[in-house]
Amino acid sequence: MFTGLIEARGEVLRLEHEPGQADARLEIRAPRVTDDAAPGDSIAVNGVCLTVVTIADDGFTADVLPETLRRTSLGELAPGSPVNLERALATSARLGGHIVQGHVDGVATLASRTAGERWDDLVFEAPRELLRYVAEKGSVAVDGISLTVTGVTARGFGVSIIPTTSRETTLGALEVGTSVNLEVDVLAKYVERMLQWREEEAR
């Protein structure tokens, strides 16, 4: 489990597809999050929970399954791409963001960006089937970053990012038209499922 509070920005060194294989091997330079990491640990890369395969002096490698490549934007990464990184939550740590599983629900696209006096307003277009889980003043994870929703429309939702978020994550340089990984609030999905179960039991 994660909180959506990004610990560091890493850099993609390579994304390799073995001939005849549908999965890929991702190598990332990430000295800050590998100080205490070991093979088998979980690290969220742009909001995607990946398992560490090997640790190098200043980074790590992880396998990316075909399902992950289909449902996320990781397949679009290239050498030099910056990525948001977060280690799995320690039981002794504060839950400063919100509950993030690292299980991406879909891909959204940055539709517009408006600079404010000390913040930027971003609007993302998102799949309609996911927008039912997004609520104004609720939480959403965008490329692994825990953000508060400022508004919802029929086609997407808005967020505002403060200078720290702009400086410390990939959102600061995100360009209109770029794809991002989206994870909606898991609590909303459980509430929906419980209501569905109640309706099914009442039939």
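The values are calculated or read from the model by the stated rules, or taken from the named source; none is laboratory data. Note that the coordinates shown come from a computational prediction; the quantities given were computed from them, not determined experimentally. Here Cβ is always computed from backbone atoms with ideal geometry, including for glycine, and neighbour counts include all displayed protein chains. Ligands, DNA and RNA are stripped out before the accessible areas are found, and what is left, the full protein with its side chains, is counted by its heavy atoms. Shrake-Rupley method; radii C 1.70, N 1.55, O 1.52, S 1.80 Å.
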Inset, instruction - Look through the range 30-72, keep the residues that are more than 16 Å from GLU86 (Cβ to Cβ) and touching a Phe, Trp or Tyr at 6+ places or on another chain (Cβ under 9 Å), and return whichever of them is most open to solvent (accessible area, probe 1.4 Å). - result: PRO39
Inset, instruction - Could you please tell me which pairs satisfy a Cβ distance under 7 Å, a separation of 6+ or placement on different chains, a first residue in the range 103-120 that is farther than 17 Å from GLY156 by Cβ and at pLDDT 95 or above, and a second residue that is among the aromatic types (Phe, Trp, Tyr) and surrounded by 18 or more Cβ atoms within 10 Å (Cβ to Cβ)? - result: none
Inset, instruction - Report yes if some residue within the range 6-20 is farther than 24 Å from VAL140 by Cβ, acidic (Asp, Glu), open to solvent by 30 Å² or more (accessible area, probe 1.4 Å) and at pLDDT below 90; otherwise report no. - result: yes
Legend entry - Selection from the range 79-102 of residues that are within 21 Å of ILE161 (Cα to Cα), part of a strand (DSSP E or B) and open to solvent by 50 Å² or more (accessible area, probe 1.4 Å): PRO82
Inset, instruction - Give me a count of the residues in the range 103-119 that are in contact with a Pro (Cβ under 9 Å, 6 or more places away or on another chain) and either among the polar types (S, T, N, Q) or open to solvent by 30 Å² or more (accessible area, probe 1.4 Å) (or both). - result: 4
Inset, instruction - Please tell me if SER81 is touching a strand residue (DSSP E or B) at 6+ places or on another chain (Cβ under 9 Å) and farther than 12 Å from ASN181 by Cβ. - result: yes
Inset, instruction - Tell me the strands (runs of 3 or more DSSP E) entirely within the range 1-52 that contain at least 1 residues that are on the phi < 0 side of the Ramachandran plot and of a type in the set (D, E, K, R). - result: 8-16, 24-29
Legend entry - Whichever residue in the range 139-149 is open to solvent by less than 60 Å² (accessible area, probe 1.4 Å) and of a type in the set (S, T, N, Q) and, among such residues, is nearest to GLY177 (Cα to Cα): SER146
Legend entry - Among the candidates GLU136, GLU175, residue that is open to solvent by 30 Å² or more (accessible area, probe 1.4 Å), over 20 Å from LEU69 (Cα atoms), part of a loop (DSSP other than H, G, I, E, B) and touching a Lys or Arg at 6+ places or on another chain (Cβ under 9 Å): GLU175
Inset, instruction - Could you tell me which of the residues PHE124, PHE157 is touching a residue at least 40 places away in the same chain (Cβ under 8 Å), open to solvent by less than 20 Å² (accessible area, probe 1.4 Å) and among the aromatic types (Phe, Trp, Tyr)? - result: PHE124
Inset, instruction - Please work out if ALA93 is at negative phi and modelled with pLDDT under 95. - result: yes
